[in-house]
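**Student:** My questions all concern the structure below.
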Amino acid sequence: MRFLVVGDRSGKYNSHLHFDFFEKELRALGHDVLRWRGQKGEGSFVRAVDSFGPDVVVDHKPWALGRDWMELPASVKRVA
């Protein structure tokens, strides 16, 4: 499966999700993972979804993505 993990908390503990650990475990299970951090130069969230083509998008605060989160294609599963 292809996972798009939204989060920029690399190296920092987060009570909702520790992104580095989560990414490492998904890769260890053989999944393709793209971390989208929303930083300058990475492009938009919509562009990341379009270019990577994830099966699942994981975000600990999807409300921050607003309408883009709600308008993900029906084939893409959302995990919040």
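**Student:** On the accessible surface of the chain, probed at 1.4 Å, how many percent belong to carbon and sulfur atoms? The partial results should precede the final answer.
**Tutor:** Numbers: 2710 of 5210 Å².
Its accessible area is 52 percent carbon and sulfur atoms.
**Student:** Per residue, how much accessible area does the chain have with a 1.4 Å probe, in Å²?
**Tutor:** Here the residues of the chain average 65 Å² of exposed surface.
**Student:** Net charge near M70: determine it from the other residues with C-beta under 13 Å of the C-beta of M70, scoring Lys and Arg +1 and Asp and Glu -1.
**Tutor:** Working: positive: R67, R78; negative: D59, D68, E71.
Taking every other residue near M70 into account, the sum is -1.
**Student:** To continue, here is another question. Find the relative contact order for the chain and round it to a whole percent, using C-alpha pairs within less than 8 Å whose residues are 6+ positions apart.
**Tutor:** Details: 104 pairs, mean separation 29.8, N = 80.
About 37 percent, as a whole number.
**Student:** Here's a follow-up. The chain: percent of C-alpha pairs farther apart than 21 Å?
**Tutor:** Tail fraction, whole percent: 21.
**Student:** OK, next. Give me the net charge of F3's neighbourhood, meaning all other residues with Cβ under 15 Å from the Cβ of F3; Lys, Arg count +1, Asp, Glu -1.
**Tutor:** +1
The values are calculated or read from the model by the stated rules, or taken from the named source; none is laboratory data. Because the structure is a prediction, the values reported are computed rather than measured. Positions of Cβ are backbone-derived with ideal geometry, glycine not excepted, and every protein chain shown enters the neighbour counts. When the accessible area is computed, the model is the full protein with side chains, heavy atoms only, and any ligands, DNA or RNA have been set aside. Shrake-Rupley method; radii C 1.70, N 1.55, O 1.52, S 1.80 Å.
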